[in-house]
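Colleague: The structure follows.
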């Protein structure tokens with residue numbers, strides 16, 4: 001296979017990539033929520049080489065079947081979860097190779113969330129609220145498991161009167 005350019009990989013992410021920020025209930029944490037940051041890039045079996053090239057280019061991530069139990073869905077997904085890899089490898093790639101579509105907004109939210117987490121602001125009520133508001137500021141329609149209000153109001157220290 002001939003060399004795949006950074007422009008091609010960037011365009012591929014525009015169509016098949018996901019900058020994911022999610023929230024998981026965790027009773028063992030002070031604010032009762034874990035913030036999950038992951039990058040996903042999907043492709044059918046015939047294009048698995050593109051995912052492998054992206055891993056080599058970035059020096060991080062792994063590939064797995066997207067839905068291992070499915071008889072119909074045989075797509076692969078590249079996943080990057082490690083926050084150091086996200087901040088030091090993935091973000092610099094997209095700072096150099098700019099996204100051009102609505103995916104750019106998702107990228108900015110993702111990048112800002114990582115910056116807030118790196119500064120440990122997610123451990124404070126105000127920082128956590130800032131991240132939740134940032135994630136829910138996206139214009140893109142998503143099907144999140146929890147609403148903004150559920151996340152902010154489930155903590156004993158954050159209530160409806162302080163949602164804004």
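The values are calculated or read from the model by the stated rules, or taken from the named source; none is laboratory data. Treat the numbers as computed from the prediction; the structure is a model and nothing was measured. Cβ: placed from backbone, ideal geometry, glycine included. Neighbour counts: every protein chain shown.
Colleague: Tally time: how many residues in the stretch 83-97 are closer than 20 Å to residue 120 by Cα and surrounded by fewer than 16 Cβ atoms within 10 Å (Cβ to Cβ)?
Modeller: Number of matching residues: 3.
Colleague: Find all pairs meeting these conditions: Cβ atoms under 7 angstrom apart; at least six residues apart or on different chains; first residue within the stretch 144-164 and on the phi < 0 side of the Ramachandran plot and surrounded by 12 or more Cβ atoms within 10 Å (Cβ to Cβ); second residue modelled with pLDDT of 85 or more and not in a helix (DSSP H, G or I).
Modeller: 146/23; 148/136; 151/23; 151/33; 154/32; 155/31; 155/32
Colleague: Right, residue 21: assigned to a helix (DSSP H, G or I) and closer than 27 Å to residue 148 by Cβ or not?
Modeller: Values: assigned to a helix (DSSP H, G or I): no; closer than 27 Å to residue 148 by Cβ: yes.
Considered against the rule, which asks whether it is assigned to a helix (DSSP H, G or I) and closer than 27 Å to residue 148 by Cβ, residue 21 comes out as no.
Colleague: If I filter the stretch 37-59 for residues that are touching a residue at least 60 places away in the same chain (Cβ under 8 Å) and either within 14 Å of residue 14 (Cα to Cα) or outside any loop (DSSP other than H, G, I, E, B) (or both), do I get at least one hit? Don't jump to the end; show me each part of the working.
Modeller: Start the filter on the stretch 37-59 by keeping residues that are touching a residue at least 60 places away in the same chain (Cβ under 8 Å), which leaves 37, 39.
Filter once more, keeping what is either within 14 Å of residue 14 (Cα to Cα) or outside any loop (DSSP other than H, G, I, E, B) (or both): 37, 39.
Scanning the stretch 37-59 turns up at least one residue that is touching a residue at least 60 places away in the same chain (Cβ under 8 Å) and either within 14 Å of residue 14 (Cα to Cα) or outside any loop (DSSP other than H, G, I, E, B) (or both).
Colleague: When the residues of the stretch 60-76 are narrowed to those that are touching a helix residue (DSSP H, G or I) at 6+ places or on another chain (Cβ under 8 Å) and not in a strand (DSSP E or B), which ends up surrounded by the most Cβ atoms within 10 Å (Cβ to Cβ)? First the steps, then the outcome.
Modeller: Our first condition is that a residue be touching a helix residue (DSSP H, G or I) at 6+ places or on another chain (Cβ under 8 Å); within the stretch 60-76, this holds for 60-63, 74-76.
With not in a strand (DSSP E or B) added as a condition, the list becomes 60-61, 74-75.
On the way: 60: 19, 61: 24, 74: 13, 75: 16.
Per the criteria, the residue is 61.
Colleague: A further question on this structure: Among the residues that make up the stretch 119-136, is at least one of them in a loop (DSSP other than H, G, I, E, B), in contact with a helix residue (DSSP H, G or I) (Cβ under 7 Å, 6 or more places away or on another chain) and more than 28 Å from residue 63 (Cα to Cα)?
Modeller: Let us first name the residues in the stretch 119-136 that are in a loop (DSSP other than H, G, I, E, B), namely 119-120, 124, 136.
Then drop every residue that is not in contact with a helix residue (DSSP H, G or I) (Cβ under 7 Å, 6 or more places away or on another chain), which leaves 136.
With the extra rule that they be more than 28 Å from residue 63 (Cα to Cα), the set shrinks to 136.
Among the residues of the stretch 119-136, at least one is in a loop (DSSP other than H, G, I, E, B), in contact with a helix residue (DSSP H, G or I) (Cβ under 7 Å, 6 or more places away or on another chain) and more than 28 Å from residue 63 (Cα to Cα), which makes the answer yes.
Colleague: Looking at residue 40, is it surrounded by fewer than 18 Cβ atoms within 10 Å (Cβ to Cβ) and at pLDDT 95 or above? Break it down into steps so the answer makes sense when it comes.
Modeller: Working: surrounded by fewer than 18 Cβ atoms within 10 Å (Cβ to Cβ): yes; at pLDDT 95 or above: yes.
Considered against the rule, which asks whether it is surrounded by fewer than 18 Cβ atoms within 10 Å (Cβ to Cβ) and at pLDDT 95 or above, residue 40 comes out as yes.
Colleague: Just need a number here: residues in the stretch 9-26 that are closer than 16 Å to residue 78 by Cα and exposed (fewer than 13 other Cβ atoms within 10 Å of the Cβ).
Modeller: The qualifying residues number 1.
Colleague: Identify the residue in the stretch 27-36 that is in a strand (DSSP E or B) and surrounded by fewer than 19 Cβ atoms within 10 Å (Cβ to Cβ) and, among all such residues, is nearest to the chain's Cα centre (by Cα). Show your work before the answer.
Modeller: Of the residues in the stretch 27-36, the ones in a strand (DSSP E or B) are 33-36.
Those still in the list that are surrounded by fewer than 19 Cβ atoms within 10 Å (Cβ to Cβ) too: 34, 36.
Numbers: 34: 14, 36: 8 Å.
Ranking the qualifying residues of the stretch 27-36, first place goes to 36.
Colleague: Exactly one of these conditions fails for residue 86: (1) over 21 Å from residue 144 (Cβ atoms); (2) at pLDDT 95 or above; (3) in contact with a helix residue (DSSP H, G or I) (Cβ under 7 Å, 6 or more places away or on another chain); (4) part of a helix (DSSP H, G or I). Give me its number.
Modeller: (1)
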